[in-house]
Amino acid sequence: MDRDRLGRLIGLATELGLTMGLTAAGMVVLGLLAGRWLDARWGSGPIATMVLVLAGAIAGQVAAYRLARRTALRLAQDADSFLYAQDVLAALALAFRALAMIAFPSVIGVAVGLYVDRRLGTGIIVTLILVLSGLAAGLLGALRLTQARREKFDEKGR
C-alpha cells in the first residue's frame, strides 16, 4: 500500500473512531444529565439516571455501528477508492478499537461516579469529573493507538 492510501486510511480510521467515541460518550452524558434532572424532579432516586445512562450507552453504540457501516459502504462503492477490502477491514477494526478506548472509560466513569456521588451526596460533580476524565484519557489513548499504527506501517515501508 502506498503512503497516500495509508495516510488516507489511517486518517479515516482516526476520524471514524473519534466520531464514534464522542457520539457514544455524548449519549451517555446526555442520559446522565437527563436522568439526574428527572430523578430530582420526580424524587425517584437513581432509577431514572441508571435507565437513561443505559439507554444512552445503547443508543451511542447503535449510532456508532451505523456510522461504521455507512462508512464501509461508502468506501466499497467509491469507484475512485484504491483501498483493498483487507485495508478497509483493518481501518474499521482500528476505528472500533478507538471507539472502545473512548467509550468504555466514560461509561465506567458514570458507574463509579454515580456510586460515589450517592455515597458522598455531591450531586453529579464526581460523575461529571470522572466522565470527562475518562473521555480525555480515552481520546489520548485513541490518538496514541492510531499514531502507533501509522508508525508500524511506516516501519514496514508500506
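What FRET efficiency would be calculated for the residue pair L54, A137, taking the C-beta separation as r and a Förster radius of 22 Å, to the nearest 0.05?
Step by step, r from the Cβ atoms, then E = 0.50.
So what J values fall out for segment 56-72 if you push phi through Karplus, 6.51 cos²θ - 1.76 cosθ + 1.60 with θ = phi - 60°, rounded to Hz, Gly and Pro as x?
Ordered by residue, 3J(HN,Hα) equals x, 5, 5, 4, x, 5, 5, 4, 5, 4, 5, 5, 5, 5, 4, 5, 4 Hz.
How do the peptides 105-115, 137-147 rank, highest first, by the average count of neighbouring beta carbon atoms within 10 Å per residue?
Ranking the peptides 105-115, 137-147 by packing returns 105-115, 137-147.
No value in this document is a laboratory result; all are computed from the given coordinates. Keep in mind the model is a prediction, meaning the values are calculated, not measured. A quick note on method: Cβ atoms are made from the backbone with ideal geometry, for glycine too, and the neighbour counts reach across all protein chains shown.
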